[in-house]
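Enquirer: Handing you this structure, nothing more for now.
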Amino acid sequence: MSGLARVQGDFQDYLLRASDAVGAHVLGTARVPVATRLGIYAGAYRSRLAEALQSNFPALAQLLGEADFHALAAEYVRTHDSPYFSIRYYGEALPQFLAAHENYAAAPVLAELAGWEWTMTGVFDAADATPLTHEALARVAPQQWARLRFTWHPSVRRLALSWNVPQIWQALTEDGERPQASLNPAPLQWLLWRHELTTYFRSLTDTESAVLDAARDGWPFGELCELLCAELGEAEAPAHAAALLRDWVGSGLISGAA
Amino acid sequence: MLKPPALGFGLGLRVDHYEAILADRPPVDWFEVLTENYLVPGGKPLHYLTRIRERYPLAMHGVSMSIGSTAPLDREYLRQVKALAARMEPAWISDHLCWTGVAGRNTHDLLPLPYTEEALAHVVERVGAVQELLGRRILLENVSSYVAFRDSRLTEWEFLREVASRADCLILLDVNNIYVSALNHEFDALEYLQAIPAERVQQIHLAGHEDHGDYLVDTHDSPVPDPVWELYAAAVRRFGPVSTMIERDDHIPPLAELCAELAQARALCAAALEDDAADGSAPAADSAPRQRPRRAVAAAGS
């Protein structure tokens, strides 16, 4: 190993693991000893990553309060190195960390809130696409409808939540009265997406969720209608299918149909 | 090879100011953008960057090149930088003379290098590879540092000068970082300026720091303090009217406040150049930097 590689390896081991081999490479002065000098780097490393978590999970930070969030961030930083070139992605594993860690697993709403915030971050800077318009859809020839498949806006995400996380998140971000965490009778499906520059979310019925999943998996419109028939019966299905599609297009969820 | 033309006086582009920039068209000559913030698929960051680019020149300033690391260059990162540059057409691309991690890890810090022949050869080779990949010369910035390495055989300024000259790259001189490191390592900041070849200096950064008594920490979170203004005036005398920007990374004040600070930089630069003209000496590679007289600070502030 070259001298430079050894210096860098030892320096990084000091930052990440507090190992002391770096001491052999660095010099201090009478005024400022080595330990103080190295300590500036160690402190900056920890606080920079903790700040990145704070900026990606502001509602979670608010819910936990300063001291508890600080403890969480410190533990995450201690156990998670960053392999990312951009610090934007450092918090990626925080939801799973919360779900698995003995200190936090007893409050599963925390992991869900973190998952919600992380999903919103992904929606925020997902790729752009021009939404399909009602007018463009109206130009589709009648004989093409059954085989029509949809392209979804790159920002569309679906998330199943066991807790009333969107309500908690909303209260925390709008300084509203914070609702108690409550468990849904069954996991509720949520849809998140971005239209122009604004992030939207709403809950889905089980039926819409099933049709939406199928549509995102590339099922053609004819098969989506059959799925609705099975769920709602032949009388209701056609009008329901048309209404769903109108809503998806109007919300900017669909960026193409072919 | 010629340097790109000077852009004048700029600011770091910050999210808090997007709307004000578009609405008010502030008197800023150009903006420097933190490259990584725009290496995302889409949404607001790229939307605003595109609109601001329609109105102002840009420079791209990265923190992840890790030019001094012994880990392989991150070619995927560089590919994304190149793609962003193709879209935004920045006047130039800069990063730091440092390393940020090894072994697949990123410390997200700008870590210092030992100033050895080995490190010099390594950095020079990598700058060559990056410049070939990006198809343009890059600027490298001096970082603030808090430790010195036992192995170092060169001074920081000798190392920076040699990298720039051997790799044929340009220099982004952070005057605050020179000031911080000079105090932390007990060297003469003016000697540093004197050693840097004027023809390589494409840009200057101005910023603030935190005083811990026995040492300074580069925080980039406060107004430019007087000693940094003084060193800037010396830099202007030494290097001429180089593109200058104020880099505030935290505690971001309203845009108008930064514009006022930028006006101070303009006035100070003009005063420093006038002083030189009055002396009959143009800024040149060999002219010795001098301490800027106190009166210029008063003039700049008035």
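Enquirer: Based solely on its DSSP helices, what 222 nm [θ] is calculated for chain A when runs of n ≥ 4 H residues each add -39,500 (n - 2.57) and the sum is averaged over all residues, nearest 500 deg cm²/dmol?
Expert: Helices in chain A give a 222 nm mean residue ellipticity of -16500 deg cm²/dmol.
Enquirer: So, in nm, how far is label residue B:16 from label residue A:47 when the simple model puts each one 7 Å beyond its Cα toward the Cβ?
Expert: For the pair residue B:16/residue A:47, the computed spacing is 1.7 nm.
Enquirer: Two decimals is fine: what's Rg over Rh for the range B:20-87, C-alpha atoms, Kirkwood radius as Rh?
Expert: Rounded to two decimals, Rg/Rh equals 1.04.
Enquirer: How big is the gap, in Å, between the Cα center of the range A:86-111 and the Cα center of the range B:55-76?
Expert: 30 Å
Enquirer: Can you give the Rg and Dmax of the protein assembly as shown based on its C-alpha atoms, in angstrom?
Expert: 27.3, 93
Enquirer: Still on this model: Nothing charged except the Cβ atoms of Lys and Arg (+1) and of Asp and Glu (-1): what's the magnitude of the dipole of chain A about its Cα centre? Round to the nearest 20 debye.
Expert: Roughly 940 debye for chain A.
Enquirer: Now for a different question. Taking the Cα atoms of the range A:1-116 alone, what are Rg (to one decimal) and Dmax (as a whole number) in Å?
Expert: Just the Cα atoms of the range A:1-116 yield Rg and Dmax of 16.9, 52 Å.
Enquirer: Per residue of A:22-34, what is the mean number of Cβ atoms on other protein chains within 10 angstrom of that residue's Cβ?
Expert: Mean inter-chain Cβ contacts per residue within 10 Å come to 4.
Enquirer: A follow-up question, please. Could you tally the net charge around residue B:158, taking each other residue with its Cβ under 15 Å from the Cβ of residue B:158, Lys/Arg +1 and Asp/Glu -1? Numbers along the way, then the final one.
Expert: Details: positive: B:153, B:161, B:166, B:200; negative: B:117, B:118, B:151, B:156, B:162, B:188, B:191.
Around residue B:158, the charge tally is -3.
Enquirer: If you take all C-alpha pairs in the range A:129-258, what percent of them are over 21 Å apart?
Expert: Percentage above 21 Å: 47.
Enquirer: For residue A:251 paired with residue A:232, estimate the spin-label separation in nm (one decimal), with each label point 7 Å from Cα along the Cα-to-Cβ line.
Expert: 1.4 nm
Enquirer: The range B:86-100 to the range A:1-42: how many Å between their Cα centroids?
Expert: Taking the Cα centre of the range A:1-42 as reference, the centre of the range B:86-100 is 28 Å away.
Enquirer: Calculate, in nm to one decimal, what residue A:167 and residue A:99 gain on full extension: separation in residues at 0.36 nm each, minus their alpha carbon distance. Could you put the intermediate results ahead of the total?
Expert: On the way: separation 68, 0.36 × 68 = 24.48 nm, distance 1.99 nm.
Length gained between residue A:167 and residue A:99: 22.5 nm.
Enquirer: With both bridge residues required to lie in chain B, what share of the DSSP beta bridges run antiparallel, to the nearest 5%?
Expert: Counting only bridges with both partners in chain B, antiparallel ones make up about 15 percent.
Enquirer: For the pair residue A:75/residue B:256, report the inter-label distance in nm, with labels modelled 7 Å from Cα in the Cβ direction.
Expert: The answer from the label model is 4.7 nm.
The numbers here are math on the coordinates, done by the rules we state, and not lab data. Being a predicted model, the structure only gives us computed values, none of them experimental. No Cβ is skipped: glycine too gets one built from the backbone with ideal geometry, and neighbour counts run over all protein chains shown.
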